[in-house]
Every structure is written in C-alpha cells, then in structure tokens.
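Taken together, the values in this text are just the output of simple stated rules run on the coordinates, not laboratory data. Keep in mind the model is a prediction, meaning the values are calculated, not measured. No Cβ is skipped: glycine too gets one built from the backbone with ideal geometry, and neighbour counts run over all protein chains shown.
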Amino acid sequence: MFFKLLFEALKLKNVRKKIAFTLFIIFVFRVGTHITVPGVNVKSLEQLADLPFLNMLNLVSGNALTNFSIFSMGVSPYITASIVVQLLQMDIVPKFVEWGKQGEVGRRKLNQATRYISLFVAFAQSIGITAGFNALSSVALIDKPVWQTYVMIGSLLTAGSVVVTWLGEQITDKGFGNGVSMIIFSGIISSIPNTFRTIHEDYFVNIKSDELQTSLIYVSAFALATLLIVFFTTFVQQAEYKIPIQHTKLTKGASSSSYLPLKVNPAGVIPVIFASSITTLPTTILPFFQRGNQIVPWMDKLREALSYQSPTGMALYAVLIVVFSFFYTFVQVNPEKTAENLQKSASYIIGVRPGRETEQYMSSLLKKLATIGAIFLAFVALSPILAQQIFGLSSNIALGGTSLLILISTGIEGMKQLEGYLLKRRYVGFMNAAE
C-alpha cells in the first residue's frame, strides 16, 4: 500500500522535489552524527553501551550520541523546551496564555520563546551529560576535565542542537513529513543493521550446538512479538472514533450531517518522546553535585532507582507517559475551542446541546480516549524492557518498542501526506477539465 502510494506520488514533480530535499537534509544530519566533538575519548562510551539511559538518549538524538558528535543533543532540548512552553500556557504565565490566543502572531512569539529556552536547556544538558558520562566511565571521556573544556563542549553541542532543530524545521516547511519525527526516524533506521548484528552475536555466535535450538526459539519468539506489536500499533494508531455532527446551516449540495473524527490515541507518539526527554534530566543534574570523579553513594543509588532496568525507573517512565498522554491529548484537541467552533458553524453533536454541554461531552470523551492511548503507549514502550528482564535481551533491542512506535507513526503520517498530494492532483485535474 505504502509503496503503491509512493510510486503514484513520485509522478508529481513537487513531491519528487520534497522527497529529494528531505533526503538531502537527512544526509547532512547523518554526516554530522559522525563528526566527533574535539577533546573527547569516544571509546570510553563503549563501557556504557548497555546503559538504558544512553540508549534512550541515542534514540531521541537520532542515534548521534554513539560517536558523541556535534549533533549529540539532537532535538531533545527543543522537545523539552516545547513541553515547558506548553505547560506555561496552562494559566501559569499570563503572557504565554495571551500569545496562545493571538493566532499566527502569537504562535511566532511562542516559537521564539521555545528557541530561547531550548538554548538554555541544550547548554545545561550537554554539560551535565558530558560530566555524567565522564564520571560513569572508568576511562575518562574528557582528556582535560577543566571548566574551559566543559564550556567548549557545551557550546559546540548547543550549536549542534540549534542546527539539528533548524534542519528539522526545513523538512517541515519545504520537505516531506514532520521534521522532528524524520530526524528521529533516520536515526532509528540507521541503527537497524546494528540491531540485527546484536541478535546474531547474542544467539548465533560462539554458542554450543545444544543451545542452537533454544536460540532459534528465542529469535523466532522475538520476531513474532515484533510483528504482533507492529500490527497492534498500526491498528491503534489508525483507529478513529467518529462523532456524528448535524449541520443546520447548509450550502447548496452539502450534506446535512457528517462526523468529527478523533483518534483512539489522540496524543500520538509525542508522550513517549516527552517522557524520554524528561527522564534525561536527573542524569543531567546529578553530575553538578559530584566532585571530580569521586563516587558518591547516594548518587549511584538514585541513578540505579531511575534506571529503566529497575522497577522504580520503569514505573516513573510509565507514569510520565500517562501524564503526557492526558496533557497532550487536551493540547491537540481543546474541548472549549471545539465547542465554540461547532457553534460558530451552526453545527452540533447529535444528542448533545451546543455550548457548555458540548464542551463537557468532549472533555469526558477525551479523558476516555486518553486513558486508552496512555495504556497502549505504556504497553508498547515497556513490554520490550520487560522482555529484556525476562529473556536477557540486549538493551539495544529492549528499546525496540519505542523505536517501532516512532517508525510506524512516522510511516502512517507519511502515507496520509502522500494521499493528500494525490487527492490534490485529482482535484486540480478535475478543475482543469471543468474549465
């Protein structure tokens, strides 16, 4: 289905340009992920390869942290800043609330504020992560761990984050798909060969002949579970709840009724990305309380408690996913604005009075959908991590649930965009024929 749509869409010149532009931007990003920050010993990160926190950062950064490149922060600071700005619009900062109601002008001001906040987040996060990894690895990550070195690395990583964010915006404006999603998507795709290599090394290299059957069973079970998660995720991401709408003010030839579609998972994949970004904060902040490479017992216990391999870490991750699912659902679909727009267009939900009752109905429905979406996202994100604990899978594979969720969501978004291009071509062709 996807390849058929892609083949049809590639016949359009503007679509070919958009896809070519997107591929060029992704190529630039992938080249940048291999440019290592000066003064860093990348081999020391190999000791932390199984650290779940490192793998999650790798995921959000588009797999750029593996080489501690200039793009290591990726879009993570921008995502964190977006969360902060959206929270401040919830009747916390009056100025931000005012901007949120000013339409396009207010949106530009909020975007500008998001960029400024992301600069601060990127600088603090880059220094914190650098100091944290330098303390965790037995082989020093930094050749000369003085404050000048940390400032230089922080400045380079912050500049890299700004460039990556700009590249993502260029994809959104001139290319194909959502820029942030495509940056993360490209990183996940680039890590697939390494995932297969890890599976091969774990289950087929240097094993005894009597263990081969067990390895085949584990790999087959993993493949089957992956297919089931792909099917289940695709089904839920495309599922819609249709609200019947009646129109009282009609134009000639228009239908008197229609429906308002709401996704069963209105928040999409954003809550998982948000939760992943927030969980990086403790490791960012903790190194500031550490003196040099000295091991602090309470910090090690806190890191262990917040690790995805611990029950408390998994519980925190799940709670954040649930919280952001509810939060982003109401950001995506505002019940008050929906009720107001329906009333302005002389439409109403069948069986529900316009105005206040419509708003209450929408709020109640969104809470139910957010509950379903939160359970779904938590299940997809946590089930591979639980599989790691049960079957002893590599941590690179354990984060496959989140990766698959992003891949499928980005793929579905891409299919809908291709359908939109084809629909526009048919519409333009029909208008030209009518003339």
Give LYS337/LYS368; LYS13/LYS416; LYS95/LYS367; LYS18/LYS416 a once-over and call out the pairs whose C-alpha atoms are over 22 Å from each other. LYS95/LYS367
Can you compute the FRET efficiency between PHE24 and PHE235 using 1/(1 + (r/R0)^6), with r the Cβ-Cβ distance and R0 = 35 Å? Round to the nearest 0.05. 0.55
Integer Hz, Karplus 6.51/-1.76/1.60 couplings in order for the range 100-111, x for Gly and Pro: x, 9, 9, x, 5, 5, x, 5, 5, 5, 5, 5
